[in-house]
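Asker: Structure incoming, see below.
The values are calculated or read from the model by the stated rules, or taken from the named source; none is laboratory data. No experiment lies behind these values; they were computed from the predicted model shown. Positions of Cβ are backbone-derived with ideal geometry, glycine not excepted, and every protein chain shown enters the neighbour counts. Side chains included, ligands, DNA and RNA excluded: accessible areas come from the protein's heavy atoms. Shrake-Rupley method; radii C 1.70, N 1.55, O 1.52, S 1.80 Å.
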Amino acid sequence: MNSFLVSPWGVAAVCAHLLLGCAGLVLAGLALKSRIPAARLALGLAALAGLASAFALASGWPERAGLALAFLVTSPVLLGLVVIREDEVGVVVKKFARRHLPAGQLIALADEAGYQADTLAPGLHFGHGFWQYTVAKAPVVVVPSGEIALVVAAAGAPIPAERILARVVACDDFQDARRFLLGGGEKGRQLGLLTAGSYRINPALFTVITARNAAGHDMDPADLHVHSVQSDMVGIVTALDGQPIAAGEIAGPVVPGHDNFQNARAFLDAGGRRGLQEQVLLSGSWNLNPWFVRVEQVPMLAIPIGSVGVVISYVGLAHEDVSGSAFKHGDLVNVGHKGVWVSPLNPGKHPINTRIMRVELVPTTNIVLNWANRTESHHYDSKLSSITVRSKDGFAFNLDVAQIIHVGALDAPKVISRLGSMQNLVDHALQPIVGNYFRNSAQHHTVLDFLNARSERQVEAAGHIRAALAAYDVQAIDTLIGDITPPAELMKTQTDRKIAEEEKKTYETQEAAQNQRQELVRATALANIQQQMVDADQGVRIAELRSQSAIKQATGEAESLRLRALGEAEGIRATGDAKAQAYRAGVEALGAQSYTLMQLTQTLADKNIRIVPDVSVTGATGGSGLLDTMLALLAREKTRDPAAN
């Protein structure tokens, strides 16, 4: 036995047994690889027969043990075992085959030599012997959350000339290369994209571009992030693929079913046009292929309170005028048609595509326009200046005017349809209407008449301008005349005249002041002597009263005296009669001489007539003489004074 093993025939037999067993293992590997049940059964039976024959023909248990050990050691290689981890994908390259790849084909679909369409999933794979296959292990493609990935196919049908991106083919997100190729997948940049997730993609057929490797493919990594349209913004879309825009149009029409350009295949199948799109993207996040669409974010159209927006659309349905026969200076269309929309946009924010529409803001509050060296915040009057007019008497002077107008919300589309913009309303309507009116009006008046009757001129101007603007569907609220700048030489004469008049008034005022001052002094003096005048007046009245009293008293006294005199006369008469009677009686009794002497003595006694002196100065010896006489006189005077007092 031992001699047989070491003999040439023995060595040959052992090698034959090894080859027979190895063939059985190779067939076993092919059986495990095959996906056809019949082929798997046939190959399995052949492998079993080969292995059984090898062990049956062995000369003894030592040889059988050696064969078993050899088969055990070489089985991974002979079975063509390939192990793929869970984060890998196996790319198979067949070194040789009975058939070769057709010209222009890079990926084998029918076991041709070359890169195989099918990849190896994680796990154990048999039948890939090193002598025929090379298995390259590539990492699984991972697209992080918030990003997308683009795909470039190295093989497939050519892209038609009218398109720039390969059409979408159902191939399990490019994980089934065979379905991609058999389904008519096209080489080049793919219309489809990969969203966040992990993918087992054959790198021999597909190149996947992510944000991580974008720079190596001349792309901006930001383009491979989920596109986010910010709040209060609107995304204006430009499609880079699709049918050309129809003649006469500037943007592609809205097509349904493409989920805001995220389903590029549906967009193209629905007849989407390349170029600027009517549809816009609103706030949100969108998975958009940057090879398919470009998005420009612009702010939403904000229409402030007190204004409306008149839409002038350059796209839409055919133009159909709905303004009516009464409106002859423009056209108005319904919303969605080309032209000026009959319904304006109300205050608020609107997602308007400003590339295909123009929105003219029209203030619905009162607008003040100044023909002067100042302008309002709206700047509609920035080109206006003071109006130069010429008067009837040939003087040129400047005139500042303020015009207040109002445009109703429903009239705003008519104004824009007629004039195009609010600035055109000011430049092409208001400026000539207001300016020419005042130029014409000034020719009928002198400068001074214009100055003196500015209120009348203002009322006339307001009426004329109101009627003129009504034809433009604009309400003229009021017309106000501001500063009037007459010629300097005329104003100098007027100023001199006015100064003279004012000086005259000043002098008259001063004269009146002097007169008033004199009156004041007179009044002050009168006030000062008022008491005296009152006292004098009262004195006069008292004197008059006294005189009247004296007159009445004198009259009374005279009457009294008269009556008294009459009484006394009667008394005297009676007394005389009595005395006469007494005298006659005395004469009769005493005699005339004696009675007369008695009456004389009586009279001297009644009159206190002294016959004998009180002091007698004599020259007798021993007397006091003159000294005694003077002392007697002095004593007499002293006794008389108290009595007199």
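Asker: With +1 on each Lys and Arg Cβ and -1 on each Asp and Glu Cβ, and nothing else charged, work out how big the dipole of the chain is about its Cα centre, in Debye to the nearest 20. Write down the numbers at each step before the final one.
Answerer: Values: 57 positive and 61 negative charges, 406 e Å.
Taking the Cα centre of the chain as origin, the dipole is about 1960 debye.
Asker: If you don't mind, another one. What nm distance separates the two modelled labels at Asp535 and Gln230, each placed 7 Å from Cα along Cα→Cβ?
Answerer: 10.1 nm
Asker: Around Glu88, what is the net charge, scoring Lys/Arg as +1 and Asp/Glu as -1 over all other residues with Cβ under 14 Å from its Cβ?
Answerer: Charge balance in the 14 Å sphere: +1.
Asker: Rounded to the nearest angstrom and ordered from largest down, what semi-axes does the equivalent ellipsoid of segment 1-113 get from its C-alpha gyration tensor (root of 5λ)?
Answerer: Values: eigenvalues 246, 48, 40 Å².
Ellipsoid semi-axes (Å, largest first): 35, 15, 14.
Asker: In degrees, nearest 10, range 0 to 90: what is the angle between the Cα axis of helix 454-470 and the longest Cα principal axis of the chain?
Answerer: 30 degrees
Asker: Using only alpha carbon pairs under 8 Å that are at least six residues apart, calculate the relative contact order of the chain and give it in whole percent. Before the final figure, lay out each step's value.
Answerer: Working: 1018 pairs, mean separation 41.9, N = 645.
Averaging sequence separation for qualifying contacts and normalising by length gives 6 percent for the chain.
Asker: Under a straight-distance cross-link criterion of Cα-Cα below 19 Å, which lysines are reachable from Lys338, leaving out those fewer than 8 residues away in the same chain?
Answerer: Lys338 reaches Lys328, Lys414.
Asker: Charges on Cβ only, +1 for Lys and Arg, -1 for Asp and Glu, centred on the Cα centroid of the chain; of Gln553, Thr601, Trp286, which one is farthest towards the dipole's positive end?
Answerer: Projecting each Cα onto the dipole axis, the largest value belongs to Trp286.
Asker: Something else: Go through Ser325, Val93, Met357 and say which Cα lies farthest out towards the positive end of the charge dipole of the chain; charges sit on Cβ, +1 for Lys and Arg, -1 for Asp and Glu.
Answerer: Farthest towards the positive end: Val93.
Asker: For a Förster distance of 22 Å, can you work out the FRET efficiency between the beta-carbons of His379 and Val298, rounded to the nearest 0.05?
Answerer: Numbers: r = 23 Å, r/R0 = 1.04.
E between His379 and Val298, to the nearest 0.05, is 0.45.
Asker: Which three lengths, in whole Å and largest first, does segment 323-432 cover when its Cα atoms are put on their principal axes?
Answerer: Principal extents (Cα only, largest first): 58, 33, 23 Å.
Asker: Nearest 20 debye, what's the magnitude of the dipole of segment 224-283 about its Cα centre given +1 on Lys and Arg Cβ and -1 on Asp and Glu Cβ?
Answerer: Dipole size: approximately 120 debye.
Asker: Check cross-link reach from Lys187 to the lysines: straight Cα distance under 25 Å, and skip same-chain residues fewer than eight apart.
Answerer: Correct list for Lys187: Lys94, Lys95, Lys137.
Asker: Further question on the same structure: Please work out how much length the chain gains when fully extended from Val521 to Ser285, using 0.36 nm per residue of separation minus the C-alpha to C-alpha distance, in nm with one decimal.
Answerer: Numbers: separation 236, 0.36 × 236 = 84.96 nm, distance 9.82 nm.
Full extension from Val521 to Ser285 adds 75.1 nm.
Asker: Also, quick follow-up: Relative to the longest principal Cα axis of the chain, at what angle does helix 626-644 sit, 0 to 90 degrees, rounded to 10?
Answerer: Orientation of helix 626-644: about 50 degrees from the principal axis.
Asker: Can I ask one more? Just add up the charged neighbours of Arg35: K/R +1, D/E -1, any other residue whose Cβ is under 14 Å from the Cβ of Arg35.
Answerer: Working: positive: Lys33, Arg40, Arg178; negative: Asp111, Asp118.
Summing Lys/Arg as +1 and Asp/Glu as -1 gives +1.
Asker: Straight-line reach from Lys349: which aspartates and glutamates have Cα under 17 Å away, leaving out those fewer than 8 places along the same chain?
Answerer: Asp232, Glu360
Asker: Percent relative contact order of segment 178-307, based on C-alpha pairs within less than 8 angstrom and at least six residues apart?
Answerer: Working: 182 pairs, mean separation 39.9, N = 130.
RCO, segment 178-307: 31 percent.
Asker: Over segment 420-523, what relative contact order in percent results from Cα pairs under 8 Å that are six or more residues apart?
Answerer: About 19 percent, as a whole number.
Asker: Same structure again: With each pseudo-label sitting 7 Å past Cα toward Cβ, what's the Asp606-Thr485 distance in nm, one decimal?
Answerer: 12.4 nm
Asker: FRET efficiency for Gln423 and Thr207, Cβ-Cβ distance as r, R0 = 56 Å, nearest 0.05?
Answerer: Values: r = 55 Å, r/R0 = 0.97.
That pair, Gln423 with Thr207, gives E of 0.55.
Asker: Choose one of Leu81, Gln190, Cys15: the residue whose Cα lies farthest towards the positive end of the charge dipole of the chain (beta-carbon charges +1 Lys, Arg; -1 Asp, Glu; about the Cα centre).
Answerer: After comparing all options, I get Cys15.
Asker: Right, something else. Based on the Cβ-Cβ distance of Ser75 and Val140, what FRET efficiency does E = 1/(1 + (r/R0)^6) give at R0 = 22 Å, to the nearest 0.05? Write out the running numbers ahead of the final one.
Answerer: Numbers: r = 29 Å, r/R0 = 1.30.
Rounded to the nearest 0.05, the efficiency is 0.15.
Asker: State the extension gain, in nm to one decimal, for the chain segment bounded by Lys492 and Thr596, taking 0.36 nm per residue of separation less the distance between their alpha-carbons. Mind showing how you got there, number by number?
Answerer: Values: separation 104, 0.36 × 104 = 37.44 nm, distance 12.24 nm.
Roughly 25.2 nm would be gained on extension.
Asker: Shifting gears a bit: Using only DSSP helix segments of four residues or longer, with each worth -39500 (n - 2.57), what per-residue ellipticity at 222 nm results for the chain after dividing by its residue count and rounding to 500? It would help to have the intermediate numbers written out before the result.
Answerer: On the way: 14 runs with 266 residues, N = 645.
Result for the chain: -14000 deg cm²/dmol, rounded to the nearest 500.
Asker: How much accessible surface does Arg179 have with a 1.4 Å probe, in Å² rounded to 10?
Answerer: Per-residue accessible area (Arg179): approximately 120 Å².
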